[in-house]
C-alpha cells in the first residue's frame, strides 16, 4: 500500500502484466507479507487484482456478514421478527 503524500489517499500497488508473468513469486510474497492486493495492468489499464487467499476469505466473509445484516434489516422493516418475550417462549419450547 502506498499513501499519497499530497492527498493522504491510499493507493494500490500497481504492476504491469509482464511483471506478473515474470515475477509471480515476488508478487505472491508481497501479497502475503503485506496483506495487500496488487493491481495488474494490461496495456496501461487496470485489469485484475491479485490478493492472498487469506485476504480473499476475509473480504468474502465481510461481504457475507453485510448480506446477513441487510437481510436482518429487511426483516425488521417488514415486521418479520420476534419480540423478546416471543423469543424466550420459543426457547422454552425447545
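Readers should treat all values here as calculations from the given coordinates under stated rules, not as data from a laboratory. These numbers come from a predicted model, not from an experiment. No Cβ is skipped: glycine too gets one built from the backbone with ideal geometry, and neighbour counts run over all protein chains shown.
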Looking for something within 15 Å of the chain's Cα centre (by Cα) and surrounded by 10 or more Cβ atoms within 10 Å (Cβ to Cβ) - is there at least one such residue anywhere in segment 38-46?
yes
Give me the residue from segment 47-94 that is touching a strand residue (DSSP E or B) at 6+ places or on another chain (Cβ under 8 Å) and without any contact (Cβ under 8 Å) to a residue 24 or more places away in the chain and, out of that set, surrounded by the fewest Cβ atoms within 10 Å (Cβ to Cβ).
48
